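The values are calculated or read from the model by the stated rules, or taken from the named source; none is laboratory data. Everything quoted here is computed from the prediction, not taken from an experiment. Using ideal geometry, Cβ is built from the backbone for each residue, glycine included, and neighbour counts are taken over all protein chains shown.
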């Protein structure tokens, strides 16, 4: 399955789901990652490995973190090659003064928005979908 490429179809069928929990971003050396962590995402960079994990896990492991945020899953199977979909979403959130850290999975895109702004983000996404119909 390759997912949807057409931005109009993606926006019309856009549904956003808030995921339970508060997430944080951390960076660690590969050899310093505790084996008991279950990150939502891990990405190796030259400076260290970035993890997105639940704040509770970071606190329990005594790991410093940044950007407490909420995860919103976009319940539409967008293609990894879709052009403009995430840009359109990020633009709408930016208009509201909200930064977003998007992550593309194989089946869905996920947005990490500042904790406390998740309801505002959900309203913006619902409005975007409604305007596209």
inquiry  = Condition check: buried (at least 18 other Cβ atoms within 10 Å of the Cβ), modelled with pLDDT of 95 or more, in contact with a strand residue (DSSP E or B) (Cβ under 6 Å, 6 or more places away or on another chain) and assigned to a helix (DSSP H, G or I). Does residue 125 satisfy that?
reply    = yes
ask   = Before we move on, is residue 93 surrounded by 17 or more Cβ atoms within 10 Å (Cβ to Cβ), over 14 Å from residue 19 (Cβ atoms) and at pLDDT 95 or above?
value = yes
ask   = residue 19: at pLDDT 95 or above and more than 16 Å from residue 105 (Cβ to Cβ), yes or no?
value = no
message = Among the residues of segment 111-122, what is the count of those that are without any contact (Cβ under 8 Å) to a residue 60 or more places away in the chain, surrounded by 15 or more Cβ atoms within 10 Å (Cβ to Cβ) and over 13 Å from residue 67 (Cβ atoms)?
response = 1
message = Consider segment 28-52. How many of its residues are within 21 Å of residue 114 (Cβ to Cβ) and touching a helix residue (DSSP H, G or I) at 6+ places or on another chain (Cβ under 9 Å)?
response = 2
task = Would you point out the residue of segment 96-110, among those that are in contact with a strand residue (DSSP E or B) (Cβ under 8 Å, 6 or more places away or on another chain) and not in a strand (DSSP E or B), that is surrounded by the fewest Cβ atoms within 10 Å (Cβ to Cβ)?
result = 99
